[in-house]
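Novice: First the structure, then my questions, so here it is.
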Amino acid sequence: AKYFKYPEHNFDFLVQLFTTSALIAQSAGARHENTALLRSLAILRLIRACKYFFLRPLFLMLVKMAQSANAVLNLILFILVTMVVFSVMGMSLFGDTLPNPRANFSNFGRAMLTLFQIFSSDSWSTVLYEGMFSACTTVESDALSSGECISTNSSLCEDTRVQMVGGEVYACDTGKAFVFAMFYVVYLWLGQYVFVTMFLGLILESFAVEDFMTIERPVEYDEKELFDRDGATELIAEYQMLPVDHVDTELVTKAFKQLHAVRYGGKVPRDKLIIFVKKKQPKRIWRALKKWKVDVARFYLRKTVFRCLTWCGRCAPWPGDPDYEDYVIAKLLEEGKRELTEKEKNDAHLQQVAPQLKKWTAQ
């Protein structure tokens with residue numbers, strides 16, 4: 001369960017799922033070229049390399065894009081619903097009347113492709129004029145000379161405009177042509193000035209200036225997995241197999257700073273803390289000696305075979321040994337009996353006169 005707390009692990013799982021399914025399908029008899037697309041998805045794992053060095057900003061951009069995916073998918077769903085509505089309207093208005101075999105409303109699939117062409121502004125004016133021209137019908141030239149009322153479909157004569165195109169005479173229903181034109185213009189306006197603006201707004205919101213170069217959002221941890229400074233010190237001591245008072249305090253301070261303890265209320269997650277300690281102070285040899293009970297063997301030898309050489313040279317107790325406290329006390333007593341060197345005397349004198357010097361300087 002902890003594996004899936006990290007988005008990058010979920011990404012790896014999906015990539016592995018697709019590539020593994022391709023191998024299973026191929027072993028089950030699927031053709032090699034049919035599974036080539038799934039197998040090629042393995043190259044997406046190179047995206048994880050963007051987390052390091054100068055590619056870090058690129059990784060942050062990908063993170064921001066992933067965070068905005070939910071809002072973008074909702075917008076895409078809204079656009080698809082709008083396209084479905086306009087496709088049904090276009091099939092009702094035009095049907096099979098458009099001459100273009102690629103951009104027409106003869107069926108639902110072709111209508112969706114035509115609307116996508118208009119949405120992308122790819123030769124949309126051609127589709128517009130073809131739609132308006134579908135409101136025109138051919139008439140005989142004799143009808144023009146006789147002065148008869150020329151009507152198209154159910155339109156009134158006064159709504160009809162006669163024009164000649166390519167040597168042929170057409171009577172165009174201006175009212176219907178206007179409705180057809182408004183259909184295209186309204187959809188183009190929605191696509192280019194509403195949907196695209198909304199899409200850009202969602203992306204720019206995710207790439208806000210104050211958040212753009214920040215690390216990804218922290219994972220939500222259970223309160224039991226978060227440790228304050230004392231708890232973190234005990235955890236490090238347990239990992240390094242040391243007494244609590246022998247844990248490097250500077251290491252704890254660096255861990256709280258680099259792991260951004262502020263995000264978790266002044267605490268650090270257990271897993272990240274262990275990873276940090278493994279990287280900075282793994283103490284592999286020390287922990288191996290502890291696991292192999294070398295410290296127990298040394299203590300036994302000090303108390304039996306090498307009793308006369310206790311605390312001398314390589315037989316000195318280690319932190320955590322039963323006789324380590326006695327060893328420290330003996331060392332302090334020995335240091336107290338030793339004559340101070342000239343440098344140590346000068347340092348001690350400076351420490352004594354330093355407060356007085358600060359007081360005189362302040363005056």
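The values are calculated or read from the model by the stated rules, or taken from the named source; none is laboratory data. Since the model is a prediction, treat every value here as computed from it, not as a measurement. Ideal geometry is used to build each Cβ from the backbone, glycine not excepted, and the neighbour counts take in all protein chains shown. Quick note on the areas: whole protein, heavy atoms, side chains included, nothing else; ligands and nucleic acids left out. Shrake-Rupley method; radii C 1.70, N 1.55, O 1.52, S 1.80 Å.
Novice: Looking only at the range 232-253, count every residue that is within 31 Å of the chain's Cα centre (by Cα) and either surrounded by fewer than 16 Cβ atoms within 10 Å (Cβ to Cβ) or not hydrophobic (A, V, I, L, M, F, W, C) (or both) and tell me the total.
Specialist: 1
Novice: Looking at E220, E210, can you tell me which residue is open to solvent by 80 Å² or more (accessible area, probe 1.4 Å), at pLDDT below 85 and in the same structural domain as L128 (by the TED database)?
Specialist: Within the list E220, E210, the selection yields E210.
Novice: Still on this structure: Residue by residue through the range 234-279, note down the ones that are closer than 18 Å to K224 by Cα and aromatic (F, W, Y).
Specialist: Y239, F256, Y264
Novice: Within the range 14-56, which residues are in contact with a Lys or Arg (Cβ under 8 Å, 6 or more places away or on another chain) and closer than 22 Å to A66 by Cα?
Specialist: V15, T19, C50
Novice: Only one of (1) closer than 28 Å to Y170 by Cα; (2) open to solvent by less than 60 Å² (accessible area, probe 1.4 Å); (3) at pLDDT below 90 fails for S121. Which number is that?
Specialist: With respect to (1) closer than 28 Å to Y170 by Cα; (2) open to solvent by less than 60 Å² (accessible area, probe 1.4 Å); (3) at pLDDT below 90, S121 is out only on (1).
Novice: Separate question: Would you mention how many residues in the range 69-96 are β-branched (V, I, T) and either under 12 Å from F195 (Cα atoms) or in contact with a Gly (Cβ under 9 Å, 6 or more places away or on another chain) (or both)?
Specialist: Residues flagged as β-branched (V, I, T) and either under 12 Å from F195 (Cα atoms) or in contact with a Gly (Cβ under 9 Å, 6 or more places away or on another chain) (or both) within the range 69-96 amount to 4.
Novice: Same structure, new question: Give, as residue ranges, the strands (runs of 3 or more DSSP E) completely inside the range 130-198 that count at least 2 residues that are of a type outside the set (K, R) and at pLDDT below 60.
Specialist: Those strands (runs of 3 or more DSSP E) span 160-165.
Novice: Let me ask you something else. Is it the case that some residue within the range 291-300 is surrounded by 11 or more Cβ atoms within 10 Å (Cβ to Cβ), at pLDDT 80 or above and closer than 30 Å to R229 by Cβ?
Specialist: Yes, some residue in the range 291-300 is surrounded by 11 or more Cβ atoms within 10 Å (Cβ to Cβ), at pLDDT 80 or above and closer than 30 Å to R229 by Cβ.
Novice: With the requirement that a residue be without any contact (Cβ under 8 Å) to a residue 60 or more places away in the chain and more than 20 Å from L17 (Cβ to Cβ), what does the range 37-67 give you?
Specialist: Listed by number, the residues that qualify are A49, C50, K51, Y52, F53, F54, L55, R56, L58, F59.
Novice: Can we say K51 is touching a Ser or Thr at 6+ places or on another chain (Cβ under 7 Å) and in the same structural domain as E205 (by the TED database)?
Specialist: No, not satisfied.
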